[in-house]
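Below is one structure, written out as structure tokens; the observations come after it.
The values are calculated or read from the model by the stated rules, or taken from the named source; none is laboratory data. Note that the coordinates shown come from a computational prediction; the quantities given were computed from them, not determined experimentally. Please note: Cβ atoms are built from the backbone with ideal geometry, for glycine as well, and neighbour counts cover all protein chains shown.
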Amino acid sequence: MASNIEERLTELEAEVRRLRDIEAIKQLQARFWLACDGDVRYGPTHLPEAIAELFTEDGSWGPLQVAGDDDPDSMDFPKGRQELLDYFRGTQERVPFAMHFGAAPLIEVDGDEATGKWKLMGTMETAAHQALLAGAIYHTAYRRTPDGWRIRSSRLVLGFNTPWEDGWGKTKYAALVRNAEQPA
């Protein structure tokens, strides 16, 4: 009987660790979106240092990609903390306002690696003062580090990115993204 209890305790410990990992990853993703939003009242958005700190040293960010794009590897993604810092410093000028609303995470943990898919609704304002509404799915890989879970890579696939006044029924993709003419 004791071995049965020991087996059950071992299984329970593994399940608790998995659930703690999932919660830590949810918190990490929330910190990422908060850092991207920055000071939503007065700006700026995209706090580059705070964002870069949430990535692994070799982390990468695959910015806006239209759903149905057949060759995501052809895009030149920022890789490593310095490139991430540079990229997100430029984002402050391109996107002076942003708010991210993430939900419905599907997180799979495998030891010190994990993957996640998140649905996103986002609002933003461009440097040209155009209000946009976006719906997307984040595809993110995570890694456990001595400092806790970090983002190893993240790619955002847009379902729509539309001018607020148009809606996705009229204009599915604003010119902010590459391959805007390509249907989803």
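The table that follows gives values for the structure above.
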{"read-out": "Total residues in region 139-172, condition surrounded by fewer than 16 Cβ atoms within 10 Å (Cβ to Cβ) and either assigned to a strand (DSSP E or B) or under 16 Å from the mean Cα position of the chain (by Cα) (or both)", "value": "2"}
{"read-out": "Among the candidates 108, 83, residue that is among the acidic types (Asp, Glu), free of Cβ contacts under 8 Å to residues at least 24 places away in the same chain and part of a strand (DSSP E or B)", "value": "108"}
{"read-out": "Residue count, region 126-138 (criterion: more than 15 Å from the chain's Cα centre (by Cα) and buried (at least 16 other Cβ atoms within 10 Å of the Cβ))", "value": "3"}
{"read-out": "Subset of region 104-124 [surrounded by 15 or more Cβ atoms within 10 Å (Cβ to Cβ) and out of contact with any strand residue (DSSP E or B) (no Cβ under 8 Å at 6 or more places or on another chain)]", "value": "109"}
{"read-out": "From the options 33, 118, residue that is under 18 Å from residue 153 (Cβ atoms), modelled with pLDDT of 95 or more and not in a strand (DSSP E or B)", "value": "33"}
{"read-out": "Search result, residues across region 25-64 that are surrounded by fewer than 16 Cβ atoms within 10 Å (Cβ to Cβ) and among the small types (Gly, Ala, Ser)", "value": "30, 43, 50"}
